[in-house]
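Accompanying notes for the structure given below.
Read-outs throughout are calculated quantities, based only on the coordinates presented, and are distinct from any laboratory measurement. On a predicted model such as this, the values are computed, not experimentally measured, just so you know. Positions of Cβ are generated from backbone atoms using ideal geometry, with glycine treated the same way; all protein chains shown enter the neighbour counts.
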Amino acid sequence: MSYYRLLGLNREPFSTSPDPAFFYQSEPHRAILANLLIEFRLKRGLSVVLGDVGTGKTTLARKLIQMLKEREGFLFHIVLDPTYPSEDLFFSSLIRTLGIGVAAASPTLIDYRELLEQYLFHKSIADGQTVVLLIDEAHKLNALSLEALRILLNYETNDAKLLQLVLLGQLELLPVMRGMPNLADRISLKCQLKPLDVGETHEMIRFRLREAGYRSPAPLFLDEAVGTIHEFGEGYPRRMAMLCHRALRELVMRRGRVVDRTLVDALVQADREAGWEPSHPLQKHVCAA
């Protein structure tokens, strides 16, 4: 029997896979999602979501897609790895992602641009749909790919951008974009995902346990244990989820009933002895136009 069933759970509560069902929405997360939806409705064009490793960018993208599925009038696509060595390969991959047919046997870069422009005009103007493209791991975009995206953002009517583009990447993306003023000037919304504070960490753990089916009034994690999890994980959701998973697994092995500070301290000490010690300063979320 899986360990989570022994604890009164239906599912694994602390998987690090980007399942939107387990995406804990703090107030800043809700604000970011709401702002992105507003940008889409107003067809403002380019939004950028930045965050350190493990802050939940990919899961936020999956949650955003889930929200768009529930709304009419949206066409949306996600690129998970935008690593392409040339502009031609980037455009051809984008053509495939959008499902655009290519008639030419050996299409040129000009052909790709014309096809994308025709597609965006048809979907946006003729069909009245909002085309949303999310690019995860956007810090991997090279200068040629970023320039290609700048060209796509030039496709517009008098009052709206035809493509709603969201770049989700690590913090090093921002200075790269600042080095391209013609692209940086097009950023309508810039948000930064930061680690959770200790109160949000308590809520995240309770939320994930509820989503996994835990219904007992007795807590699985004592407050003192959550404090240690937050301190060691420095508020990073992925890192804290991994520690919570290990704590529950250890709880079952010890035939225990509750995760306390002693149990978590033992896991943390083992990590420290192995030479793994996170060192990122805690910060708060930021979102600005």
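For this structure, a couple of remarks:
- HN-Hα J in Hz across region 42-53 - Karplus 6.51, -1.76, 1.60, θ = phi - 60°, x for Gly and Pro: 7, 6, 7, x, 9, 10, 10, 10, 10, x, 5, 4
- Scanning residues 5 or more positions from Ser86 or on other chains, none has an amide H under 5 Å from its amide H, with H placed 1.01 Å from N in the peptide plane.
- Between region 252-273 and region 1-57, the alpha-carbon centres lie 27 Å apart.
- Computed FRET value (nearest 0.05) for Asn182 with Glu27, which takes r as the C-beta separation and R₀ as 51 Å: 0.90
- Label-point separation in nm, Thr97 to Gln269, each point 7 Å along Cα→Cβ: 4.8
- The convex hull built on the alpha-carbon positions of region 141-196 has an orientation-averaged projected area of 4.4 nm².
- Divide the volume of the convex hull around the Cα atoms of region 27-193 by the residue count and you get 108 Å³ per residue.
- Legend: ranking of residues Glu12, Glu224 from fewest to most surrounding C-beta atoms inside 10 Å; resulting order Glu224, Glu12.
- Within region 94-139, the proportion of C-alpha pairs whose separation exceeds 15 Å stands at 51%.
- Amide H contacts of Gly213 (H built 1.01 Å from N, in plane; Pro and chain starts excluded): Asn10 sit under 5 Å, all sequence-distant by 5 or more or on other chains.
- Max-minus-min Cα coordinates of region 125-254 on each principal axis give 62, 36, 24 Å, with the largest extent listed first.
- FRET efficiency for the pair Tyr3 and Val53, taken as 1/(1 + (r/R0)^6) with r the Cβ-Cβ distance and R0 = 25 Å, rounds to 0.40.
- Per-residue ellipticity at 222 nm, computed for the chain from helices alone with -39500 (n - 2.57) per DSSP H run of at least four residues, works out to -14000 deg cm²/dmol.
- Amide proton proximity set for Tyr236, modelled H, under 5 Å, gap of 5+: Leu196
- When Cα extents along the principal axes in Å is calculated for this entry, the matching label among (i) 65, 38, 32; (ii) 61, 46, 39; (iii) 65, 37, 37 is (iii).
- Pairwise FRET efficiency - Asp127 versus Asp223, Cβ, R0 = 51 Å, nearest 0.05: 0.45
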